[in-house]
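Quick notes on the structure that follows.
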Amino acid sequence: MNSTKLQGLIAATYTPLDDDGQVNLSQIPQMVEGLLASGITGLYVCGSTGEGMSLSTEERKAVAAAYVQATKKRVPVIVQVGHNSLAEAKQLAKHAEEIGADVISATCPSYFKINDINTLIDSMSEIASGAPGLPFYYYHIPILTGSSLDMVEFLAKAGERIPTLTGLKYTDTKLHEFQECFEFENGKYDVVWGCDEMLLGALATGAKGAIGSTYNIAAPLYLRIIELFKSGEIEQAREMQKLSINMIRAIGKYPFHSGMKEVLGMLGVDCGTCRLPQPPLAENDASTLKEKLNAIGFFDWSVNFSPKNIEQTV
Ligand code: MN9
């Protein structure tokens, strides 16, 4: 099993939909090329950003296969296979391995909430067993799953039961817990950060990799944050992070991922809007959003521009 750690900026990819709300696989190769050109070092498919939970199993398989094919092994493709039905999740895991994905990851079931570590481990073990040859990352996202269990305890107990357990996608804001997970048994597990608006804090805590939605639209900005952090220019890194916070605040005034898809459209990547239950933007919202983003200089430092231009434009 290839257990290379996930490094750099990993885009949580969007699932392109057409005007009828059907999956539009033909957009995926172009999206992948754009992401790789912007400095992305991995793709996380069918997660929260990719509306995995709003797609049928067949659609999820098709989207995962399209991303794997378009990526051609240039960067790791992580397929998110979590499902309320563990049997479906296991089937998705098996499929991910068959199509040549590099890693699988899964949220826990969320309709019936999981309130104890052993049940979480039992559930994740069942899913991971569907892809015995692929590294498994538990996707911890309590804000969406409602399961806010202690991840240090999870790592301490899950290793024995899940032979492929490699790490976590940690989408919570508890930097102290993130650090503990990261440092658990001398860095035994790969813990990847999931809150784009706190990337700088996570870097200070030790993060080496991050998975997020806004890396689809502003990778050069985040790459600059990483560069500035590495060279100790913290004040400037903080200024860059503030741009990301402003951007996320502007988009977050609307249903977030529908807003993000709208922004992708503004950048020339048409992926439609989100499926219900994530509502589309209202009639005039797209133009208001564009104005707000213009006001913070977004179109000067988004994916269309190279990292060098960022500081010149702010
Ligand atoms: O997991 C994403 N989380 C959700 C990753 O979609 C709930 C993040 O990338 C956020 O979209 C981002 C903005 O809040 O941090």
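General observations
- Calculated mean residue ellipticity at 222 nm for the chain: -14000 deg cm²/dmol, from DSSP H runs with n ≥ 4 weighted as -39500 (n - 2.57), summed, divided by the residue count and rounded to 500.
- Above-threshold pairs, the threshold being 31 Å between Cα atoms, out of Lys188/Lys253; Lys188/Lys261; Lys73/Lys208: Lys188/Lys253; Lys188/Lys261
- Cα pair distances in the stretch 8-311, grouped into 10 Å bins until the bin that holds the longest one, percent each: 6, 29, 36, 23, 5, 0
- Sequence ranges 100-106, 249-255, ranked by mean other-Cβ count within 10 angstrom, highest first: 100-106, 249-255
- Dipole magnitude for the chain: computed about the Cα centre from +1 point charges on Lys and Arg Cβ and -1 point charges on Asp and Glu Cβ, it is near 380 debye.
- Anchor Lys61: aspartates and glutamates whose Cα lies under 16 Å away (excluding residues fewer than 8 positions away in-chain): Glu51, Glu88, Glu97, Glu98, Asp102
- Neighbour net charge for Phe256 - beta-carbon separation under 13 angstrom, K R +1, D E -1: -2
- Three-way shape call for the stretch 182-314 based on the alpha-carbon gyration tensor, with the a/c threshold at 1.5: oblate
- Candidates Pro163, Pro277, Pro142, ranked by Gaussian network fluctuation over the chain, Cα under 10 Å, top entry: Pro277
- Options His83, Asn115, Leu155, ranked by Cα towards positive dipole end of the chain, top entry (Cβ charges): Leu155
- Relative contact order of the chain, defined on C-alpha pairs under 8 angstrom at six or more residues apart (%): 17 percent
Read-outs throughout are calculated quantities, based only on the coordinates presented, and are distinct from any laboratory measurement. This is a predicted model, so every value here is computed, not measured. So basically every Cβ, Gly included, is an ideal-geometry build from the backbone, and we count neighbours across all protein chains shown.
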